Every structure is written in structure tokens, then in C-alpha cells.
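Peer 1: One structure follows; several queries about it will come next.
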Amino acid sequence: MNNSFLATNSVSLHLEEPVDTSPVFIEREANLLKVIEALRIIRQTNEWSSLKEEVFDKLSGDLERQIGQEAQKLNPDTHKLNRLSGELKWAERFSDLKKLEDSYRVELTHVRSKLYGKTEKDS
């Protein structure tokens, strides 16, 4: 079999001009800034404190209890355990808005390094 055809095609694939992804990163940067600002404002309200106490904290405790009960069974349902673990991870992530805000800040740092080629520490 003649492999020269494959070699010339693979070389020509790498010669294509790179796609400019800056508009995507600029849009993502703007979205992240909006989300971070919204989380900061919401975190400071009394309503959020009430919602966290009445919904998320109770939900996390209930999910942990259900996971413990299922895990203690003779034949635990792995699908149920996985689902409950996912729900617990979701509840914990969204109940701590400071951690959520920090995770968005990390993503913002990555986006900015792609856009501007440097980190915030370099500024």
C-alpha cells in the first residue's frame, strides 16, 4: 500500500490558518464578570442567608443521611448512591456562593490568560 497519500494529506491539514477564538473568550469574560458580580451581591443579602439555611443546609443534611442509609444496606443500589452523591455535590456547590464565586474567578483567570497572554499576577 502506498502511504505517501496519507503523509501529504496529514501535512496539509496542519497548514490551515488558526481560527480566531478571541470573540468567544471576550464573550465568556463578559459573562463571567456578570455572574461573579451577581453572586457577590446575592451573597450579601438577608434573603440568601434565609434560603441557604432553610433549603440548602437542610438538603445537604438529608442527602448525606440518605447516602448513609443506602450505603449500610446489604446490597446497596449503586445507581441510587451515584445519584445521591451527584445531588449532594450540586447542593454543596450552590449552597456556598463564595466557593462558587471563587471557581468562576479561576475560570476568569484562565480566560484572561488566553485573551491577553498573561495572568493577573503579571499585571
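Throughout, read-outs are computed from the coordinates displayed, never taken from laboratory work. Remember, predicted model here, so these are calculated numbers, not experimental data. Positions of Cβ are backbone-derived with ideal geometry, glycine not excepted, and every protein chain shown enters the neighbour counts.
Peer 1: Just tell me which lysines come within less than 20 Å, Cα to Cα, of Lys114; anything on the same chain fewer than 8 places away is out.
Peer 2: Lys34
Peer 1: At 0.36 nm per residue, minus the direct Cα-Cα distance, what do Asp20 and Arg43 gain on full extension? Give it in nm, one decimal, please.
Peer 2: Between Asp20 and Arg43, full extension yields an extra 4.7 nm.
Peer 1: How far, in nm, would the chain grow between Leu33 and Val106 when pulled straight, counting 0.36 nm per residue and subtracting the alpha carbon separation?
Peer 2: On the way: separation 73, 0.36 × 73 = 26.28 nm, distance 1.16 nm.
Length difference between fully extended and current span is 25.1 nm.
Peer 1: Mean separation of Cα pairs under 8 Å and 6+ residues apart, divided by the residue count of region 22-122: what relative contact order is that in percent?
Peer 2: Numbers: 60 pairs, mean separation 41.9, N = 101.
It comes to 41 percent, rounded to a whole number.
Peer 1: Once phi is turned into ³J(HN,Hα) by the Karplus curve 6.51 cos²θ - 1.76 cosθ + 1.60 with θ = phi - 60°, what whole-Hz value does each residue of region 56-73 show in order, with x for glycine and proline?
Peer 2: Each residue of region 56-73 in turn: 5, 5, 5, 5, 4, x, 5, 5, 4, 5, 5, 5, x, 5, 5, 5, 7, 5 Hz.
Peer 1: Find how much the distance from Lys89 to Asp77 grows on full extension, using 0.36 nm per residue of separation minus their present alpha carbon separation; answer in nm with one decimal.
Peer 2: Working: separation 12, 0.36 × 12 = 4.32 nm, distance 1.83 nm.
Gain in length upon complete extension: 2.5 nm.
Peer 1: About its Cα centre, what dipole magnitude does region 22-122 give when the only charges are +1 on Lys and Arg Cβ and -1 on Asp and Glu Cβ, stated in debye to the nearest 20?
Peer 2: Numbers: 19 positive and 19 negative charges, 65 e Å.
Charge dipole of region 22-122: 320 debye, to the nearest 20.
Peer 1: Next question, about the same structure. Can you tell me how region 22-122 classifies by the Cα gyration tensor, rounded, prolate or oblate, using a/c under 1.5 as the rounded cut?
Peer 2: On the way: a/c = 3.73, a/b = 1.84, b/c = 2.03.
Here region 22-122 falls in the oblate category.
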